[in-house]
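Working notes for the structure below.
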Amino acid sequence: MLKSYLKLAWRNLLKNKVSSIVNIGGLVVGLSTSILILLVITDEYSYDAFHTNLANIYLLMKNQHNADGISTGSSTAGPMAAALRNEMPETKHAARVAGFGEELVKVGDKILYESGIYADPDLFSMM
């Protein structure tokens, strides 16, 4: 029975070549698009999922009004971490992080240009 179905399908593919190519091409494009969307969603959900305390780690962000409307960013005032620790007892650790570009670093006789981040010591407790 299955053999006759396959033979019938093959004959129809050969008989209607253009419509078969369009249908199979549409199927390929649809499946590949679905797989790519699934891969992107999986990647986004797995971002930073390796942290052991992921449920208790938050990023403080601020909304800033400007001429174009409202922009949201992760840069906040410097004393914010100390204020969070002092005024909110449920805050165990608060860390400020700031990145820097190419900076001159001298170690012994070596002089290098390196990029990296400045961070509070609490960052290691959080991660």
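The values are calculated or read from the model by the stated rules, or taken from the named source; none is laboratory data. These figures come from a predicted structure and were not determined experimentally. No Cβ is skipped: glycine too gets one built from the backbone with ideal geometry, and neighbour counts run over all protein chains shown. Just so you know, the surface numbers come from the protein's heavy atoms only, side chains and all, with ligands and any DNA or RNA stripped out. Shrake-Rupley method; radii C 1.70, N 1.55, O 1.52, S 1.80 Å.
What are the ³J(HN,Hα) values, in whole Hz, obtained from phi via the Karplus relation 6.51 cos²θ - 1.76 cosθ + 1.60 with θ = phi - 60°, for each residue of the stretch 5-16 in sequence order, with x given for Gly and Pro?
Values per residue, Gly and Pro as x: 5, 5, 5, 5, 5, 5, 5, 5, 5, 6, 6, 10 Hz.
Quick one: accessible area per residue over the chain, 1.4 Å probe, rounded to a whole number of Å²?
In whole numbers, the chain has 89 Å² accessible per residue.
Leaving out ligands, DNA and RNA, and with a 1.4 Å probe, what % of the accessible surface on the chain is carbon or sulfur?
Of all accessible area on the chain, carbon and sulfur atoms account for 62 percent.
In the chain, which longest range has no chymotrypsin sites (Phe, Trp or Tyr not before Pro) that are both DSSP loop (not H, G, I, E or B) and surrounded by at most 12 other Cβ atoms within 10 Å?
59-127
Once both labels are modelled 7 Å past Cα along the beta-carbon direction, what's the residue 85-residue 110 spacing in nm?
3.2
Identify, among 116, 36, 71, the residue whose Cα sits farthest towards the positive end of the charge dipole of the chain, taking +1 on the Cβ of Lys and Arg and -1 on the Cβ of Asp and Glu, with the dipole about the Cα centre.
36
Would you indicate which of (1) -0.93, -1.20, -1.28; (2) -0.67, -1.16, -1.38; (3) -0.58, -1.08, -1.32 is the value of log10 I(q)/I(0) by the Debye sum over Cα atoms at q = 0.14, 0.20, 0.23 Å⁻¹ derived from the coordinates of this structure?
(1)
What FRET efficiency would be calculated for the residue pair residue 14, residue 38, taking the C-beta separation as r and a Förster radius of 41 Å, to the nearest 0.05?
0.75
Rank 11, 96 by accessible area, highest first, at a 1.4 Å probe radius?
Solvent-accessible surface, decreasing: 11, 96.
Run the dipole for the chain about the Cα centre, Lys and Arg Cβ at +1, Asp and Glu Cβ at -1, nothing else charged, and hand back the magnitude in debye, nearest 20.
The dipole of the chain has a size of about 1340 debye.
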